[in-house]
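I have placed the structure first, in the form of structure tokens, so that the comments after it can refer back to it.
The values are calculated or read from the model by the stated rules, or taken from the named source; none is laboratory data. Remember, it's a predicted structure, so these values are computed and weren't measured experimentally. Quick reminder, even Gly has a Cβ in these numbers, built from the backbone with ideal geometry, and neighbours come from all protein chains shown. The accessibility values were calculated without ligands, DNA or RNA, using every heavy atom of the protein model including side chains. Shrake-Rupley method; radii C 1.70, N 1.55, O 1.52, S 1.80 Å.
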Amino acid sequence: MCGIIGIASNKVIESDWIHKGLKSMYNRGPDDSGVYYNETKNVCFGHRRLSIIDLSNNASQPMIDKQSENVITFNGEIYNYIELKKS
């Protein structure tokens, strides 16, 4: 199971906080980790990844949509992924 951490604040978020949190969740996702900060560094998402089905880097998180600039981090369990892939 993956590990997720995040914060939104009216102050700049120190990077030490998010990296300590990710380190403490290493056992939840030893395969990869990622961090996202917005431009003003007051919103931050962190993710520890446990790779089970998709072992490629395409499933690394947080995921960023380059067109809309939306960001998501989630557990990654999309149960109907086979049906979605067909459509």
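With the convex hull drawn around the C-alpha atoms of segment 23-68, the volume per residue stands at 82 Å³. Charge dipole (Cα centre; +1 on Lys/Arg Cβ, -1 on Asp/Glu Cβ; no other charges) of the chain amounts to roughly 140 debye. Around Asp54, with a cut-off of 15 angstrom between Cβ atoms, what is the net charge of the other residues, counting Lys and Arg +1 and Asp and Glu -1? After counting each charged neighbour, the total is -1. Straight-line reach from Lys41: taking Cα to Cα under 29 Å and skipping same-chain neighbours fewer than 8 places apart, the lysines in range are Lys11, Lys20, Lys23, Lys66. For the chain, the list of GluC sites (Glu not before Pro) that fall in a loop by DSSP and count at most 16 other C-beta atoms within 10 angstrom reads Glu14, Glu39, Glu69, Glu77.
Just checking the listed ones, Asn57, Asn42, Asn75: in the Gaussian network model of the chain with Cα springs under 10 Å, the one fluctuating most is Asn57. Hey, any idea what % of the chain's accessible area is carbon plus sulfur with a 1.4 Å probe? Ligands and nucleic acids excluded, carbon and sulfur reach 53 percent. Note on Ala59/Val12: beta-carbon distance plugged into 1/(1 + (r/R0)^6) with R0 of 35 Å gives a FRET efficiency of 0.75.
At 0.36 nm per residue, and after removing the present C-alpha to C-alpha distance, how many nm does the segment from Leu50 to Arg28 gain when stretched out fully?
7.2 nm
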